[in-house]
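Have a look at the structure below before the remarks.
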Ligand SMILES: [Zn+2]
């Protein structure tokens, strides 16, 4: 079970830990679907 090692700041996306992308094990990266690459926590207004 993966758990973010970095501590999240308020407003950061919990899925990519504020980076906006996932680091793939095989190399490269994939844009985070949850924040659409912004790295910020998605909030509905
Ligand atoms: Zn994200």
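See the values below:
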read-out: Selection from segment 20-35 of residues that are in a loop (DSSP other than H, G, I, E, B) and more than 8 Å from the ligand (Cβ to nearest atom); value: 24, 25, 26, 27, 28
read-out: Any hit, segment 2-11, residues being within 14 Å of the ligand (Cβ to nearest atom) and at pLDDT 90 or above; value: yes
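The values are calculated or read from the model by the stated rules, or taken from the named source; none is laboratory data. Here the structure is a predicted model, which means the values were calculated and not measured. Don't worry about glycine lacking a Cβ; one is built from the backbone with ideal geometry, like all the others, and counts go over all protein chains shown.
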